[in-house]
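The values are calculated or read from the model by the stated rules, or taken from the named source; none is laboratory data. All values reported here derive from a predicted model rather than from experimental measurement. Because the Cβ atoms are built from the backbone with ideal geometry, glycine has one as well, and the counts that use them run over all protein chains shown.
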Amino acid sequence: MKPHCYHDGKIVPTEKATLPVTDLAVLRGYGVFDFLKTVNGKPFLWKEHWRRLQRSAKLLGMKIPLPEKAVREAIDRLLAKNEGEDCNIRLLLTGGVARNGLLVDEPRLYVLSEPIQMLPRKVFEKGAKVIRCAHERIVPEAKTTDYLAAVRLQKERIRAGAVEILYVVHGRVLECSTSNFFLVKDGRLITARDAVLLGTTRNLVLDLAKKAGIVFEERDVAETELASAEEAFLTATNKNIVPVVQVDDLAIGNGKPGVVTRRLMTLSADYMARY
Ligand code: PMP
């Protein structure tokens, strides 16, 4: 598929899309977005993503300039260009051009189609490494355009052979740079609820776990629990469920993807196949 961008009723190839350099997203890092995928040609968990965009915008005091129906129509127009190929969709709400350099006037909405980029198969089979970083996102409950730590640490991540950066702040395990993080202890799932983005994949995993009778706890996760966990995994729209077998030099459990993680991977693959 070729990436396209919708803005203000028009669709152009993304490489031709433009944004004023005085947009608050550029000048002040003021913007929110959401990121979803299509599965079997349909926007996956659309309602959840739309509601999260609304929540992110509200938390930053921004108004989304289009109603849900118009945004869905824009997505359908973008999907029509794909000849049935699934893709990612990015809803980007920028602060717009400010009159005095700070005052939000008219936020601008861009809807982008992007090719799906999956991690290599090996990562799902053998499990992945993550590295720690003591970063705390500003307004963590919102999907803001602030990914400074995520971008800054990419070279370090690659050097370490890791797939993600795990944010651990004052001994609390929060989330990864673009994913949520789970531990499995005594067969139960444990994941943070506060000071993290409530991921759509995270919430789906909790739903699937509930239906399968897997007990879970949403609570603060102590860094010391990494050493006693049997399993760990991360979740995100573009990664689904990735077993985590190493955090820096620390092996998680026996250093292999665990049974609970693999069970959830199967349940989520089945859910998507039926979507
Ligand atoms: N946390 C952060 C900081 C993220 O950027 C993402 C990716 N959107 C997630 C968690 C996972 O969210 P989702 O499952 O909705 O992709």
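For the range 190-210, residues that are free of Cβ contacts under 8 Å to residues at least 60 places away in the same chain, part of a helix (DSSP H, G or I), more than 6 Å from the ligand (Cβ to nearest atom) and closer than 17 Å to Ala232 by Cα total 2.
Kindly indicate whether Leu166 is aliphatic (A, V, I, L, M), assigned to a loop (DSSP other than H, G, I, E, B) and either touching a Pro at 6+ places or on another chain (Cβ under 6 Å) or within 12 Å of the ligand (Cβ to nearest atom) (or both). Here the answer is no, as Leu166 does not meet what is asked. Residues considered: Val247, Val260. Of these, the only one that is over 18 Å from the mean Cα position of the chain (by Cα), surrounded by fewer than 22 Cβ atoms within 10 Å (Cβ to Cβ), assigned by the TED database to the domain that holds Arg132 and in contact (Cβ under 8 Å) with a residue 40 or more places away in the chain is Val260.
Of the residues contained in the range 120-127, one or more are found to be outside the structural domain of Val12 (by the TED database) and on the phi > 0 side of the Ramachandran plot.
Residue count for the range 30-47, restricted to those that are surrounded by fewer than 21 Cβ atoms within 10 Å (Cβ to Cβ), more than 18 Å from Cys87 (Cβ to Cβ) and in contact with a strand residue (DSSP E or B) (Cβ under 9 Å, 6 or more places away or on another chain): 0.
Taking the listed residues Ala74, Ala57, the one that is under 13 Å from Thr145 (Cβ atoms) and touching a Leu at 6+ places or on another chain (Cβ under 8 Å) is Ala57, with no other qualifying.
Would you mention how many residues in the range 125-181 are closer than 24 Å to Leu264 by Cβ, in contact with a Cys (Cβ under 8 Å, 6 or more places away or on another chain) and not hydroxyl-bearing (Ser, Thr, Tyr)? Adding up the residues that qualify gives 5. Please go through the range 151-176 and give me each residue that is more than 24 Å from Lys256 (Cβ to Cβ) and touching a helix residue (DSSP H, G or I) at 6+ places or on another chain (Cβ under 8 Å), ordered by number. Tyr167 - this is the single residue of the range 151-176 that is more than 24 Å from Lys256 (Cβ to Cβ) and touching a helix residue (DSSP H, G or I) at 6+ places or on another chain (Cβ under 8 Å). Of all residues in the range 125-138, those satisfying the criterion of being part of a loop (DSSP other than H, G, I, E, B), closer than 26 Å to Pro243 by Cβ and either in contact with an Asp or Glu (Cβ under 6 Å, 6 or more places away or on another chain) or not acidic (Asp, Glu) (or both) are Gly127, Ala134, His135, Arg137.
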